[in-house]
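No value in this document is a laboratory result; all are computed from the given coordinates. Only a predicted model underlies this, so the values are computations on that prediction, with no experimental measurement involved. Methodologically, a virtual Cβ is constructed for each residue, glycine included, from the backbone with ideal geometry; neighbour enumeration extends over all protein chains shown.
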Amino acid sequence: MSTAALQSSRPHGTAAPGPSFLRVLNSEFIKFRTLLSTLILVGSTVLVMVGFAALNAWGIGQFSEASRNDPQAAAAFAAQGADLTAGIPTSGIAFAQLIIGSLAVLLMSSEFTTGMARSTFSAVPKRTPAFIAKLLVVTACAFVVTVASSLLAYVAATPILDNYGFDIDLGSDHSRRLLLVSGVYVAAVAAIGMSLGTLLRNSAGGIMSLVGLFFVVPIAFQLIPGEFFEEARKYLPDSLFERIVTAAPAEDALEVWQAWTWLGVWVVVPVAAAMIILKKRDV
Amino acid sequence: MIEATGLTKVYGEKTAVDGVSFTVQAGRVTGFLGPNGAGKSTTMRMIMGLDRPTSGSVTVNGVPFAQHAAPLREVGSLLDAKAVHTGRTAYNHLLAMAATHSIPRKRVQEVIEMTGLGEVARKKVKGFSLGMGQRLGIAAALLGDPQTIILDEPVNGLDPEGVVWVRNLVKYLASEGRTVFLSSHLMSEMAMTADHLIVIGRGRIIADAPIGEIITGKGQSRARVRTDQPEQLMRLLADDGVSVEVQDHELLEVTGLPARDIARTALDNRIMVYELTPLQASLEEAYMELTKDEVEYHSLITTGAAAPTQTGGQQ
């Protein structure tokens, strides 16, 4: 420990690089990948997606075996045909969205709970670039992990389906749409999660709100009788996702473009609120 | 140079920093001294743009911190040794910070060596002692080779060797012409380190002067006097601006009169004096004197139960 090492580096007064957006993005990516919790949560997402797909494939196979003696069931089964198996690779998405969403909450809330925010926002005192950079890292990760784990799930489910004489046509329009929309949807959930983490600055509170929104509220709306709740349920993010990917919508369903718009609102409102609050509030 | 003008921070009903104005000059170590809860950390966070002042403003080299093109290269700060995600290694923490300003890995390695973190740099911060955390915070502050260095309680938790190291480091940085602003609630540490002192209590600046001046106080001399006839001497010494305090049987403390004048009075009146010691206030005494009305948490021990007397939360 000597002070001699200080005699170094640049002469003062020269224009030295500051926090440009790409540099901040690079910094946020370093922060993202150097936490064990990130790796664990991404790993569990892959496991859940692959596990659910395998289980689902096996279940469909078993059901088809059982329905062979029942001509009515067999007919109903055949009518659904390829759509049934197309959903297999993304069948774990209800859980994947919660895990990735929680990861997104944690990545921001931990900045505040650990005090890291003071370092982050000393380096990037305008704050907004750091938020956008983190948002980009989180949503890109959510998309890639969802699509990649769906593809892995496909690989895992195919031999199981093969046993029962089924297969998944990954090239079909429906399959491709499911894959991409799932990725975009989980990215949207991650954006909402990160906003909750920014607004609440608390890991437990953020995750509970996210679980509430994506797990408790949809169920509650389904259980509570009344037209209002039935109608309102259509506008919840998970219903919007279902609407976008379904090939055969119900009669009173929203148009696809409406569903996309509402999903956009679900993302833009919390993200904008988070950015404004982050800029205004003391760290 | 750091310049604060009318800096104020109000939290709800409590005014943490109350219209504070001061200037921290380059080329010397400026100490920021005050009891816990006096507003030191709040002031420093406002300098770094982390807390928004309720009113007033503060600039670093003429510009608000957030407006600098390369903030980390302008100001390095240790605001809190726990400003780190403890799940990350020290090296990765510094690397992520450095990335925002394209500071090369070589410099990251340099500050790690400089702060003596070499052996633990690849370990998670979770297992760090308070002292190691302080060293990491100082490493982060030096990362951008900044012209201005702000350190909040840098010696907290450091071992004696680390304390001496910080002392030499800040003096060296100041000798290079940098602006060094460090806070502490330990006057002994400030006496060893700082050239200039800003003393704060309950959010107000109590003193802003070179350290020597603060120790001498208002230029009043003090002396300890032992005599056989304390009452007579007290009566004779009594005058405007002179206060005499009876400390013990035959022991007086006289303030506001040079020792020579006391001796003269005693001699003229044939009073025997068997001790006459001019007193120089230590920084500690000067500090206690300055802050006696300003401390937020008084220790009060009563017979029976100790009564809690704090008047508010620490900011």
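Just going by the charge dipole of the stretch A:204-283, with Lys and Arg at +1 and Asp and Glu at -1 on Cβ, which of A:221, A:240, A:207 is farthest out on the positive end?
Positive-most Cα among the choices belongs to A:207.
I need the phi-derived Karplus couplings for the stretch B:149-166: 6.51 cos²θ - 1.76 cosθ + 1.60, θ = phi - 60°, integer Hz, Gly and Pro marked x.
Result, rounded to whole Hz: 10, 10, 10, 9, 6, x, 8, 3, x, 7, 6, x, 5, x, 4, 5, 5, 4.
Work out, step by step, the length gained on full extension between residue B:231 and residue B:246: first 0.36 nm times the residue separation, then minus their alpha carbon distance; give nm to one decimal.
Separation in residues times 0.36 nm, less the Cα-Cα distance, equals 4.5 nm.
Can you order the peptides A:182-194, B:138-150, A:18-30, B:195-207 by their average number of other Cβ atoms within 10 Å per residue, highest first?
So the peptides A:182-194, B:138-150, A:18-30, B:195-207, ranked by packing, come out A:182-194, B:138-150, B:195-207, A:18-30.
If the only charges are +1 at each Lys and Arg Cβ and -1 at each Asp and Glu Cβ, what is the size of the charge dipole of the protein assembly as shown around the Cα centre, to the nearest 20 debye?
About 1360 debye.
Of A:279/B:40; A:126/B:9; A:31/B:171; B:82/B:106; B:9/B:292; A:234/A:279, which sit over 28 Å apart, Cα to Cα?
A:31/B:171; A:234/A:279
Dividing the alpha-carbon radius of gyration of the stretch B:222-280 by 2.2 N^0.38 Å (N being the number of residues), what value is obtained?
Compared with the compact-globule rule of thumb, the stretch B:222-280 sits at 0.95.
Rounded to the nearest 20 debye, what is the charge dipole size of chain A about its Cα centre when +1 sits on each Lys and Arg Cβ and -1 on each Asp and Glu Cβ?
Charge dipole, chain A, about its Cα centre: 1940 debye, nearest 20.
The protein assembly as shown: percent of C-alpha pairs farther apart than 34 Å?
Across the protein assembly as shown, Cα pairs with separations above 34 Å total 56 percent.
Evaluate peptide B:76-86: per residue, the Cβ atoms of other protein chains within 10 Å of its Cβ; return the mean as an integer.
5
Hey, what D do you get for the stretch A:238-283 in µm²/s if you plug the Kirkwood alpha-carbon radius into Stokes-Einstein at 25 °C and 0.890 mPa s?
Here the translational diffusion coefficient equals 199 µm²/s.
For residue A:174 and residue A:76, what is the calculated FRET efficiency with R₀ set at 22 Å and r taken between the beta-carbons, to the nearest 0.05?
It comes out at approximately 0.75.
Say a paramagnetic label sat at a point 7 Å from the Cα of residue B:288, along Cα to Cβ; which residues of the stretch B:21-45 have their backbone N under 17 Å from it?
What the label zone holds, given the 17 Å backbone N cut-off, is B:34-36.
So the label point goes 7 Å from the Cα of residue B:176 along Cα→C-beta, right? Which residues of the stretch B:58-100 then have their backbone N under 13 Å from it?
What the label zone holds, given the 13 Å backbone N cut-off, is B:73-76.
What are the residues whose amide H is under 5 Å from the amide H of residue B:18, where those residues sit 5 or more places off or on another chain and H is modelled from the backbone?
Placed amide hydrogens put B:9, B:204 under 5 Å from residue B:18.
Can you compute the FRET efficiency between residue A:224 and residue A:152 using 1/(1 + (r/R0)^6), with r the Cβ-Cβ distance and R0 = 51 Å? Round to the nearest 0.05.
That pair, residue A:224 with residue A:152, gives E of 0.85.
At R0 = 56 Å, how high is the FRET efficiency between residue B:271 and residue B:14 if r is their beta carbon distance? Nearest 0.05 is fine.
0.60
Across peptide B:45-58, how many C-beta atoms of other chains are within 10 Å of each residue C-beta, on average?
The mean count of partner-chain Cβ atoms within 10 Å per residue comes to 2.
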